[in-house]
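Student: Sharing a structure here in structure tokens format.
The values are calculated or read from the model by the stated rules, or taken from the named source; none is laboratory data. Every value quoted in this text rests on a predicted model; they were computed, and no experiment measured them. Neighbour counts are summed over all protein chains in view; Cβ atoms, including those assigned to glycine, are modelled from backbone coordinates with ideal geometry.
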Amino acid sequence: MTYELKYKQYSERAILVAWPSRIDKNILEDVLLFKNSIKIKKDKVIVQITSTYNSLLIFYTSTIKDVYSEISALRSIYETCGVAENLQNHLWEIPVCYEDELSPDLLSFCNQKKLSVDEFVALHTAPTYQVYFIGFLPGFLYLGGLDPKLHFPRKQTPNLKVEKGSVAIGGQQTGIYPSNSPGGWHVVGKTPVELFDKDRRPPCFIQPGDQIKYVAISLEQYGDIFTKIKKGTYDLKSVKL
Amino acid sequence: MRSTITILKPGLFTSIQDLGRFGYSEYGVPVSGAMDQYAMQLSNTLLDNLKNDAVLEWTLLPPVLQFNDTAKISLTGASLFPMLNNKVIKYSAVMEVQKGDVLSFKPCRNLVYGYVGILNGFQSPDVLNSKSFYNGITEIPSCQKNTILPFKTLKDLTSTATRVIPQLDEEQDGVIHVFPGPEFDQLSKSQQQKLMTSKFTIGQTRSRMGIQLQEKLDNDLSGIITSPVLPGTVQLTPDGTLVVLMRDAQTTGGYPRVLQLSEKAINTIAQTPSGTQLEFELQQF
């Protein structure tokens with residue numbers, strides 16, 4: 001492993017591990033490998049691990065009595081943690097309908113960016129987006145890879161209700177609202193796919209380290225997939241990375 | 001036997017809470033749990049319940065509850081002025097109520113959260129290993145008029161989990177014990193000093209997600225790349241407002257994390273009314 005990590009006690013029951021502060025796929029891979037190894041080796045004393053771009057927050061079952069010995073245990077796990085092949089990641093195709101009825105802000109977005117809707121859809125569906133972590137709302141994916149031509153400041157006044165499944169752009173990011181929520185991003189499309197299901201284990205089928213691609217679908221296809229998802233007969237397309 | 005309580009009046013953000021939902025922060029699921037876990041655990045201890053048994057929590061404005069079956073309950077936190085069938089009764093930490101009884105409360109002005117514990121705990125469904133209400137996770141985010149809450153009358157003798165007497169909160173009035181947060185060192189010496197010596201007032205903007213403090217701190221820090229946070233994390237927002245994250249806080253945030261409250265201090269600040277002044281006292285682990 002090549003990074004100089006900082007270990008710091010965060011609360012009576014938590015230790016923070018920090019990588020250099022930047023958004024970088026190599027750091028992400030290292031973060032996730034370490035997270036996996038900790039989960040395997042310290043299963044009993046750790047209740048949860050939050051991962052972000054460059055951090056792990058490790059939460060223990062009880063008050064940490066000797067932080068130095070915990071940190072040295074973590075260091076030795078880091079030194080021996082596996083190679084990238086241990087991460088089983090997928091590329092998911094997320095169907096998105098960009099038609100007017102389901103994309104309330106798309107026309108104004110395109111007008112202000114001086115793009116046609118077709119140009120917009122081409123730019124939005126071209127990249128393979130990297131899933132860095134899940135935060136903000138249960139099942140909300142932090143994605144990297146939005147084309148700079150589509151960067152656009154958030155709304156001055158957030159909407160009180162953005163519908164579940166809304167595909168949106170805010171600042172340099174694009175994301176999918178996994179549940180109804182207030183939100184200040186521009187809604188440019190909608191997916192029928194359920195990103196968070198409390199009855200599924202794990203509740204998110206997309207994991208940090210995975211990648212996604214948006215695939216444009218018609219309103220009719222949206223309805224068709226929506227029905228299949230409700231019946232439990234829809235299989236999302238994915239390939240192993 | 002399945003017994004029930006009917007919520008006649010919901011009060012303000014009345015919800016079922018246990019010690020929280022752990023194991024799902026990596027999917028963006030907040031921890032949740034009782035705002036004042038000292039009062040919540042005390043309620044369970046008084047009933048000889050397990051420490052994670054679910055209680056009913058209410059906020060400032062108490063609910064009115066109708067018992068559809070006989071029950072043994074305990075009242076802690078702000079629930080100090082109970083009324084049974086519209087008559088003021090002497091406060092007793094543990095009491096038995098009869099089928100048909102209606103329990104209500106006079107609001108208590110020096111605390112925020114009240115707790116009603118019940119023998120064996122409330123039996124609303126577990127979702128992701130916790131009964132704590134949270135929008136989009138449990139069926140409802142808070143109790144409404146006519147919400148039915150299940151409990152069971154027979155003592156469950158098969159449980160073997162340990163019972164723990166909660167530690168008494170020994171903090172002085174108005175003192176909130178904190179540890180330095182990950183970005184504390186990025187503050188200038190004078191900002192650090194101001195943070196540790198000034199008095200801060202609890203603002204009106206507060207919820208289960210967080211509490212805003214009224215006084216601002218000059219802030220020239222830039223944001224951080226979105227990073228993990230916990231209940232008790234104090235964020236410094238771009239306009240200098242300090243926000244204390246509470247039990248329903250998001251799992252990640254992009255503002256500098258300048259302080260982290262001790263676990264006891266999270267309970268203390270939860271119960272401190274808006275308008276009260278407090279000061280931070282820095283501790284090391």
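Student: Hey, could you check the stretch B:248-285 for residues that are buried (at least 21 other Cβ atoms within 10 Å of the Cβ), touching a helix residue (DSSP H, G or I) at 6+ places or on another chain (Cβ under 7 Å) and in a loop (DSSP other than H, G, I, E, B) and say which is nearest to the other protein chains (Cβ to nearest Cβ)?
Tutor: In this case the residue turns out to be B:Thr251.
Student: Looking for whichever is without any contact (Cβ under 8 Å) to a residue 12 or more places away in the chain, outside the structural domain of B:Pro30 (by TED's automatic domain parsing) and touching a strand residue (DSSP E or B) at 6+ places or on another chain (Cβ under 6 Å) here; the options are B:Thr205, B:Thr226, B:Thr201, B:Thr233. Which one fits?
Tutor: Exactly one of B:Thr205, B:Thr226, B:Thr201, B:Thr233 is without any contact (Cβ under 8 Å) to a residue 12 or more places away in the chain, outside the structural domain of B:Pro30 (by TED's automatic domain parsing) and touching a strand residue (DSSP E or B) at 6+ places or on another chain (Cβ under 6 Å), namely B:Thr205.
Student: Checking the condition at pLDDT 95 or above and among the hydroxyl-bearing types (Ser, Thr, Tyr), which residue from B:Thr237, B:Thr233 passes?
Tutor: It is B:Thr233.
Student: Could you list all residues from the stretch B:172-229 that are surrounded by fewer than 19 Cβ atoms within 10 Å (Cβ to Cβ), farther than 23 Å from B:Leu60 by Cβ and polar (S, T, N, Q)?
Tutor: The answer is B:Gln172, B:Gln186, B:Ser188, B:Ser190, B:Gln192, B:Gln193, B:Thr197, B:Ser198, B:Asn219, B:Ser222.
Student: Scan the stretch B:113-137 residue by residue and report those that are in a loop (DSSP other than H, G, I, E, B), of a type in the set (S, T, N, Q) and in contact (Cβ under 8 Å) with a residue 60 or more places away in the chain.
Tutor: If the condition is that a residue be in a loop (DSSP other than H, G, I, E, B), of a type in the set (S, T, N, Q) and in contact (Cβ under 8 Å) with a residue 60 or more places away in the chain, then B:Asn120, B:Gln123, B:Ser124, B:Asn129, B:Ser132 are the ones that fit.
Student: Can you go through B:Phe105, B:Phe22 and tell me which one is touching a residue at least 60 places away in the same chain (Cβ under 8 Å) and surrounded by 15 or more Cβ atoms within 10 Å (Cβ to Cβ)?
Tutor: Just one listed residue meets the conditions, B:Phe22.
Student: Condition test on A:Ile23, is it crowded, with 17+ Cβ neighbours inside 10 Å, outside the structural domain of A:Lys161 (by TED's automatic domain parsing), touching a residue at least 12 places away in the same chain (Cβ under 8 Å) and not basic (Lys, Arg)?
Tutor: Here the answer is no, as A:Ile23 does not meet what is asked.
Student: Moving to a separate point now. Say we look at the stretch A:205-225 and pick out the residues that are surrounded by 19 or more Cβ atoms within 10 Å (Cβ to Cβ) and more than 14 Å from chain B (Cβ to nearest Cβ); which of these is farthest from B:Phe22 (Cα to Cα)?
Tutor: A:Ile217
Student: Take the stretch A:132-154 and flag every residue that is out of contact with any His (no Cβ under 7 Å at 6 or more places or on another chain) and away from chain B (no Cβ under 13 Å).
Tutor: A:Gly145, A:Leu146, A:Asp147, A:Pro148, A:Lys149, A:His151, A:Pro153
Student: What residue, of A:Ile46, A:Ile58, A:Ile38, is touching a residue at least 24 places away in the same chain (Cβ under 8 Å) and within 11 Å of chain B (Cβ to nearest Cβ)?
Tutor: From the options A:Ile46, A:Ile58, A:Ile38, the qualifying one is A:Ile58.
Student: Can you run down the residue pairs with Cβ atoms below 6 Å, 6 or more apart or on separate chains, where the first is in the stretch B:1-19 and under 19 Å from B:Glu139 (Cβ atoms) and the partner is β-branched (Val, Ile, Thr) and part of a strand (DSSP E or B)?
Tutor: B:Thr4/B:Ile148; B:Thr6/B:Ile148; B:Phe13/B:Thr59
Student: Only one of A:Pro202, A:Pro192 is within 12 Å of another protein chain (Cβ to nearest Cβ) and either polar (S, T, N, Q) or part of a loop (DSSP other than H, G, I, E, B) (or both). Can you tell me which?
Tutor: Residue meeting the stated conditions: A:Pro202.
Student: Now, a different point. Among the strands (runs of 3 or more DSSP E) confined wholly to the stretch B:42-97, which include 1 or more residues that are surrounded by fewer than 16 Cβ atoms within 10 Å (Cβ to Cβ)?
Tutor: B:82-84, B:94-97
Student: Please verify whether B:Val229 is more than 14 Å from every other protein chain (Cβ to nearest Cβ) and under 29 Å from A:Ile27 (Cβ atoms), treating the condition exactly as stated.
Tutor: It is false that B:Val229 is more than 14 Å from every other protein chain (Cβ to nearest Cβ) and under 29 Å from A:Ile27 (Cβ atoms).
Student: Okay, next question. Exactly one of these conditions fails for B:Thr4: (1) crowded, with 20+ Cβ neighbours inside 10 Å; (2) farther than 18 Å from B:Ser79 by Cα; (3) in contact with a Pro (Cβ under 6 Å, 6 or more places away or on another chain); (4) more than 12 Å from chain A (Cβ to nearest Cβ). Give me its number.
Tutor: For B:Thr4, the exception is condition (1).
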